[in-house]
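Everything below concerns the one structure shown next.
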Amino acid sequence: MKFIAIANQKGGVGKTTTAINLAAALSEAGHRTLLLDLDPQANATTGLGLTLEDGASIYPVMIGAREVSAQIRATTQERLSIIPSERDLVGCEIEIARLDNPQYRLKEVLRPLRASQSFDYLIMDCPPSLGILMINSLVAADGLLIPVQSEFYALEGISKILDLTKRMREQGLNPELNLIGVLLTMFDARTRLSQQVLTELQSHLPDKVFTAIIPRSIRLGEAPSFGQSILQYDPHGLGAHSYRQLAAEFVTRVQ
Ligand SMILES: Nc1ncnc2c1ncn2[C@@H]1O[C@H](COP(=O)(O)OP(=O)(O)O)[C@@H](O)[C@H]1O
Ligand SMILES: [Mg+2]
């Protein structure tokens with residue numbers, strides 16, 4: 001089982017859209033996939049059609065009140081399960097910050113999940129901040145996928161998170177963390193800016209930019225309001241096609 005963090009400290013770059021639709025595409029391709037919503041905004045949870053429920057998140061697990069297996073919910077898609085978020089996850093940050101070695105908390109509580117081998121992939125949707133939940137996710141993860149919006153400040157954004165992982169490595173926090181790849185999102189092939197961002201990313205991070213590129217698509221933006229992944233909402237559109245392509249590439253990169 002592989003644990004993957006979808007992270008970028010910037011908000012609105014397509015983390016949640018990628019977490020939902022990559023997880024959906026992996027499960028469609030036959031992989032047993034678990035999505036862990038670590039953002040108190042709970043967009044991945046509602047985007048997959050679940051209603052928010054107090055106590056139905058990783059929070060009680062993080063504070064030792066419940067087993068991780070008790071928090072797993074089914075979704076409308078076969079082979080795709082979720083550990084939802086709840087608003088109170090904000091309180092979780094504060095509470096675990098008081099524990100000893102708070103950075104290792106998630107890694108520890110997920111141990112039974114890894115041992116159970118009930119899933120092939122755990123996809124973690126991170127909040128848009130460099131807070132304790134994101135650090136926990138990066139410590140627990142085997143791999144990191146960074147979504148990058150096709151915009152002017154894209155490179156600045158990823159240098160921040162790459163610096164963070166470098167510092168974590170130096171502190172021995174998770175030296176094995178592997179950068180799976182950088183995913184260009186909201187790409188508009190008609191604009192020169194999108195093309196420029198792509199070229200720059202490829203020259204800065206050779207071999208790390210996914211060949212799959214996610215186009216800007218109204219359908220991708222609409223799907224969560226119907227509680228559906230793009231594979232359910234618009235299975236034959238460009239958005240679904242791109243996320244299937246990403247899933248195939250992802251599987252070959254995550255070994
Ligand atoms: N490829 C895309 N095309 C159009 N809209 C998108 C696309 N990806 C994301 N969005 C929309 O942009 C907003 C931010 O995306 P989201 O995935 O929530 O980002 P993050 O989780 O990084 O904050 C959301 O409203 C989402 O529906
Ligand atoms: Mg999000």
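The values are calculated or read from the model by the stated rules, or taken from the named source; none is laboratory data. Note that the structure is predicted; figures quoted are calculated from it, not measured. We place every Cβ from the backbone using ideal geometry, glycine too, and count neighbours over all the protein chains shown. Side chains included, ligands, DNA and RNA excluded: accessible areas come from the protein's heavy atoms. Shrake-Rupley method; radii C 1.70, N 1.55, O 1.52, S 1.80 Å.
General remarks:
- Extended-chain gain in nm, criterion 0.36 nm per residue less alpha-carbon gap, I72 and Q195: 40.3 nm
- The packing ranking of peptides 188-197, 44-53, 158-167, highest mean first, is 44-53, 158-167, 188-197, where packing means the average number of other beta carbon atoms within 10 angstrom of each residue.
- Residue-averaged 222 nm ellipticity for the chain, from DSSP H runs of 4+ at -39500 (n - 2.57), nearest 500: -12000 deg cm²/dmol
- Å² per residue, accessible surface of the chain at 1.4 Å: 44 Å²
- Carbon plus sulfur fraction of accessible area for the chain, probe 1.4 Å, in percent: 50 percent
- Per-residue SASA entry for I94, accessible area with 1.4 Å probe, Å² rounded to 10: 110 Å²
- Dimensions (Å) - region 100-139, Cα atoms, principal axes, largest first: 30, 24, 9
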